[in-house]
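Have a look at the structure below, then the notes.
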Amino acid sequence: MKVFVDTAYLIAILNPDDELAGAAAIAHEQLAGAQLVTTEEVLTEFLNAMADADVWVRVRAYEMVLKILSSPKMEVIVQSHDSFLKGLDLYGRRCDLGDSLTDCISMNTMRGLEIRQILTGDRHFRQEGFTILL
């Protein structure tokens with residue numbers, strides 16, 4: 001089974017005070033055998049979200065991304081101009097829904113890889129027919 005990893009999950013794993021931290025910890029245990037998939041865009045969004053955090057949080061976020069990039073349990077889809085353009089197209093068609101460009105790229109990636117489940121609490125994915133796990 002493949003499960004997509006969203007920025008919200010990464011933030012919740014890193015920050016024990018995050019509102020999704022408890023659900024993320026449970027999901028982390030329950031999905032120990034699953035193949036996890038994310039994109040470089042999600043990792044960029046995650047690090048950007050940590051930009052204003054304390055130094056030690058930024059260091060932990062950096063180390064977490066390095067661990068993700070080297071993990072055999074995590075497939076990281078490389079950014080491309082094509083994925084950007086397809087995400088931008090979806091973004092343009094969804095301007096009324098509030099989806100971020102990263103979310104649009106993630107949705108396209110999930111559809112392309114036939115992934116239905118996502119580690120997030122973001123309702124935008126539910127609106128698109130995906131199963132959110134947080």
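Here, each number is a calculation from the coordinates, and none is a lab measurement. Predicted model only: the values in this text are computed from it and were never measured. Cβ: placed from backbone, ideal geometry, glycine included. Neighbour counts: every protein chain shown.
Report the Cα centroid-to-centroid distance between region 59-85 and region 14-55 in angstrom, as an integer.
12 Å
Using θ = phi - 60° and the Karplus form 6.51 cos²θ - 1.76 cosθ + 1.60, what ³J(HN,Hα) does each residue of region 45-57 get, whole Hz, x for Gly and Pro?
4, 4, 5, 4, 5, 8, 4, 9, 7, 4, 4, 5, 5
Once the piece of chain linking Arg58 and Ser80 is laid out straight, how much longer is it, given 0.36 nm per residue of separation minus the C-alpha distance between them?
Numbers: separation 22, 0.36 × 22 = 7.92 nm, distance 2.57 nm.
Taking 0.36 nm per residue and subtracting the Cα distance, the gain is 5.3 nm.
Would you please classify the overall shape of region 66-134 from the alpha carbon gyration tensor, given that a ≥ b ≥ c denote the square roots of the eigenvalues, rounded means a/c under 1.5, and beyond that prolate means a/b larger than b/c while oblate covers the rest? Working shown, then result.
Numbers: a/c = 2.09, a/b = 1.27, b/c = 1.64.
Since a/c reaches 1.5 but b/c is at least a/b, the shape of region 66-134 is classed as oblate.
In terms of modelled amide H atoms, which long-range or inter-chain residues lie less than 5 Å from the amide H of Glu75?
Those lying under 5 Å, H to H, from Glu75 are Leu36, Val37, Thr38.
Charges on Cβ only, +1 for Lys and Arg, -1 for Asp and Glu, centred on the Cα centroid of the chain; of Ala34, Ile77, Ala21, which one is farthest towards the dipole's positive end?
Of the candidates, Ala34 comes out farthest on the positive side.
Give me the dipole magnitude in Debye, nearest 20, for the chain about the Cα centre, with unit charges on the beta carbon: positive for Lys and Arg, negative for Asp and Glu. It would help to have the intermediate numbers written out before the result.
Details: 12 positive and 20 negative charges, 78 e Å.
In debye, rounded to 20, the chain gives about 380.
Looking at [x] 199; [y] 216; [z] 108, which value of volume of the Cα convex hull per residue in Å³ comes from a calculation on the structure shown?
So the calculated entry is the one marked [z].
Of the options Phe130, Asn48, Met1, report the single residue whose Cα projects farthest towards the positive end of the charge dipole of the chain (beta-carbon charges: Lys, Arg +1; Asp, Glu -1).
Selected residue: Met1.
Sticking with the crude label model, points 7 Å out along Cα→Cβ, report the distance from Lys73 to Glu19 in nm, one decimal please.
That separation, rounded to one decimal, is 2.7 nm.
For every helix of n ≥ 4 consecutive DSSP H residues, a contribution of -39,500 (n - 2.57) applies; sum these over the chain, divide by its total residues, and give [θ] at 222 nm rounded to the nearest 500 deg cm²/dmol. All intermediate terms of the calculation are to be shown ahead of the outcome.
Details: 7 runs with 75 residues, N = 134.
Calculated at 222 nm, the ellipticity per residue is -17000 deg cm²/dmol.
Each residue of region 104-121 in order: what ³J(HN,Hα) in whole Hz does its phi give by Karplus 6.51 cos²θ - 1.76 cosθ + 1.60, θ = phi - 60°, with x for Gly and Pro?
Residue by residue, region 104-121 yields 4, 5, 4, 4, 4, 4, 4, 4, x, 9, 6, 9, 9, 10, 9, 7, 7, x Hz.
How high is the FRET efficiency from Ala51 to Glu29, r the C-beta distance, R0 41 Å, rounded to 0.05?
0.90
Can you compute 3J(HN,Hα) from phi for each residue in region 8-18, using the Karplus curve 6.51 cos²θ - 1.76 cosθ + 1.60 with θ = phi - 60°, rounded to whole Hz and x for Gly and Pro?
4, 5, 4, 5, 5, 5, 6, 10, x, 8, 5
Could the peptides 96-109, 16-29 be put in order, highest first, of the mean number of other beta-carbon atoms found within 10 Å of their residues? Could you put the intermediate results ahead of the total?
Numbers: 96-109: 19.6, 16-29: 14.4.
Top to bottom by mean Cβ count within 10 Å: 96-109, 16-29.
Quick one: net charge of Met110's neighbours, Cβ under 14 Å, K/R +1, D/E -1?
Working: positive: Lys2, Lys86, Arg111, Arg116, Arg126; negative: Asp6, Glu41, Glu75, Asp99, Asp103, Glu114, Asp122, Glu128.
Charge balance near Met110 sits at -3.
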